[in-house]
Amino acid sequence: PSAHLQTYAQRAEKHANPAAKALLETIERKSSNLCVSVDVTKKADFLRIIDIVGPYVCLVKTHVDIIEDFDSSLIDRLKELSAKHDFLIFEDRKFADIGNTVALQYSSGVHKIASWSHITNAHPVPGPGIVTGLASVGTPLGRGLLLLAEMSTKGNLATGTYTADAVRMARAHRDFVIGFIAMHRMDGIGAQAGEAVEDEDFLILTPGVGLDVKGDSMGQQYRTPREVVLESGCDVIIVGRGIYGKGSDAEVREQAERYRREGWVAYEGRVSP
Ligand code: 5FU
């Protein structure tokens, strides 16, 4: 059967990339396909929210460049929380430059992303050199890359042949590119006639997930976990303001539990209808 009709555990066995395998195993172990995006600007808030949602997530997504009081101790604490609560880390860096530059941005600077982030992502717009550049840093460390094949926002340009070309770029780098940021499954998209792609299993991580509102004032569009996981076949739901934007710690915990449950019920409905 198509990969998304198999269990996360079955799929984990077939992945060679260490980050993809670890993510699938974590999802299975914690019964959670929830990734929380912690888009806050203060170190203390960032760590507090992660400590609250940690038990309910497989993955924590970061934008470390928005943290005003960033320093290397933040990364030490983040790694401690990752071990304490058993989740992986995804820096949503959206690299978009030439291979040589992204290799430096990934390994160096203030953030040294490759040294702590299991997964990161890149726009395919510069062409395959962006993957080669990031792989030169990430592959020796056992990291995984997602390509942005689609986006969640109104009017975005990642559609049609652009999306198909992103999938083809990923197929040429199967050891390092573990999947996509996308709104639905990419199975067979962009394949040449006779190209054997039936067994491919790219992970689909999907932002733009919310249960209470349809969007924001800047083009974000939300779908429910059911629409994303059951109807569109995506693997991980990414939720930001729907969880961390809810006020009290108790409410944040409650929303994390709620999205974990909704995401998991949708997955169960998919693999055993
Ligand atoms: F690639 C994308 C995309 O297409 N849409 C997104 O929303 C990434 N995102 C990220 O997911 C965005 O940068 C936020 O960090 C997060 C969504 O946050 P929200 O608060 O759930 O809207």
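Brief remarks on what is shown
- Compactness of the range 160-213 - radius of gyration and Dmax, Cα, Å: 12.6, 44
- Low-density loop positions, trypsin sites (Lys or Arg not before Pro), the range 1-70 - DSSP coil, at most 14 other Cβ in 10 Å: Lys42
- The GluC sites (Glu not before Pro) found in the range 68-114 that occupy coil by DSSP, while having at most 16 further C-beta atoms within 10 Å, are Glu68.
- Residue exposure sequence - Asp249, Asp86 - by fewest surrounding Cβ within 10 Å: Asp249, Asp86
- Normalised by residue number, the volume inside the convex hull of the Cα atoms of the range 27-115 is 97 Å³ per residue.
- Peptides 231-242, 189-200 ordered by average Cβ neighbours within 10 Å, highest first: 231-242, 189-200
- The fraction of all Cα pairs in the range 1-153 landing in successive 10 Å bins from 0 to the largest distance is 11, 38, 37, 13, 1, given as whole percents.
- log10 of Debye I(q)/I(0), alpha-carbon scatterers only, for the range 1-67 at 0.14, 0.18 Å⁻¹: -0.51, -0.72
- Value in Å of the Kirkwood radius, where the range 159-273 supplies the Cα pairs that are averaged: 15.6 Å
- The range 76-230 - Rg over Rh from alpha carbon coordinates, Kirkwood radius: 0.98
- Taken along its principal axes, the alpha carbon cloud of the range 89-141 reaches lengths of 26, 20, 17 Å, longest axis first.
- Efficiency of FRET from Cβ geometry, Glu257 and Gln6, R₀ 22 Å, rounded to 0.05: 0.25
- For the chain, the Cβ-based charge dipole about the Cα centre amounts to some 120 debye (Lys, Arg positive; Asp, Glu negative; other atoms uncharged).
- Pairwise FRET efficiency - Lys42 versus Ala96, Cβ, R0 = 35 Å, nearest 0.05: 0.85
- Net length available on complete extension from Asp199 to Leu211 is 1.0 nm, with 0.36 nm assigned per residue and the Cα-Cα distance removed.
- Based on alpha-carbon atoms, the Kirkwood radius and the radius of gyration of the chain give Rg/Rh equal to 0.94.
Bear in mind these aren't lab numbers, they're just calculated from the coordinates by the rules spelled out. Not measured: the values here are computed from a predicted model. Glycine also receives a Cβ, built like all others from the backbone with ideal geometry; neighbour counts cover every protein chain displayed.
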